[in-house]
1. Could you give the dipole magnitude of the chain about its Cα centre, charging the beta-carbon of Lys and Arg +1 and that of Asp and Glu -1, in debye to the nearest 20?
2. Per residue of segment 11-20, in order, report the coupling 6.51 cos²θ - 1.76 cosθ + 1.60 (Karplus, θ = phi - 60°) as ³J(HN,Hα) in whole Hz, putting x for Gly and Pro.
3. Which aspartates and glutamates, on any chain, are close to K43 with Cα under 13 Å apart, when same-chain ones fewer than 8 places away are left out?
4. Could you look at segment 58-118 and say what percent of its accessible area is carbon and sulfur, using a 1.4 Å probe and all protein chains?
5. Taking θ as phi - 60°, what are the ³J(HN,Hα) couplings along segment 74-89 by the Karplus curve (6.51, -1.76, 1.60), each to the nearest whole Hz, with x for Gly and Pro?
6. Over segment 14-59, what lengths in whole Å, largest first, do the semi-axes of the equivalent ellipsoid take, defined as the square roots of 5 times the eigenvalues of the alpha-carbon gyration tensor?
7. When ligands, DNA and RNA are left out and all protein chains stay put, how many square angstrom of accessible area per residue does the chain have with a 1.4 Å probe?
8. Under the Karplus relation 6.51 cos²θ - 1.76 cosθ + 1.60, θ = phi - 60°, what is the ordered set of whole-Hz ³J(HN,Hα) values for segment 90-103, x standing for Gly and Pro?
Amino acid sequence: QVQLVESGGGLVQAGGSLRLSCSASGRTFSNYAMGWFRQGPGKGREFVAGITWSGRSTSYADSVKGRFTISRDGAKNTIYLQMNSLKPEDTAVYYCAGSPSGGLGPNSFNYWGQGTQVTVSS
């Protein structure tokens, strides 16, 4: 079974930064992509960012473009989400996700971490 474990969530002030990490274990994929989703209170889960296995292609939700950066450390099988200029609207549980097909479309992600809470105070 694939295990995705997130870390790095916490409470920050608006305008601050956080870096989330997600490590994958239990199984590896030849060309899998990984990414981040989030779910705020009373909202559905939304796609935030994705990255291909090579790290050469990325995708971002419009709401986070220019503020968030996704990256990948292939040697550690780990992805990161650097979140800058955080806004209260970014408050959500952030989930790491895996895409065995390698696609970056939201529906391509089939494996999920347990989530890490990000709270941005105003």
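1. 140
2. Result, ordered by residue: 10, 9, 7, 3, x, x, 9, 9, 10, 8 Hz.
3. Answer for K43, where 13 Å is the Cα cut-off: E89, D90, listed by chain and number.
4. Roughly 46 percent of what the probe reaches on segment 58-118 is carbon or sulfur.
5. Taking θ as phi minus 60°, the curve returns x, 5, 9, 6, 10, 10, 10, 10, 7, 10, 10, 6, 5, 10, x, 5 Hz for segment 74-89.
6. For segment 14-59, the semi-axes come out at 23, 14, 12 Å.
7. Per residue, the chain has an accessible area of 50 Å².
8. 7, 4, 5, 8, 9, 10, 7, 9, x, 10, x, 6, x, x
The values are calculated or read from the model by the stated rules, or taken from the named source; none is laboratory data. Here the structure is a predicted model, which is why all the values come from computation and not from measurement. Quick reminder, even Gly has a Cβ in these numbers, built from the backbone with ideal geometry, and neighbours come from all protein chains shown. These area figures cover heavy atoms from the full protein model, side chains too; ligands, DNA and RNA do not enter into them. Shrake-Rupley method; radii C 1.70, N 1.55, O 1.52, S 1.80 Å.
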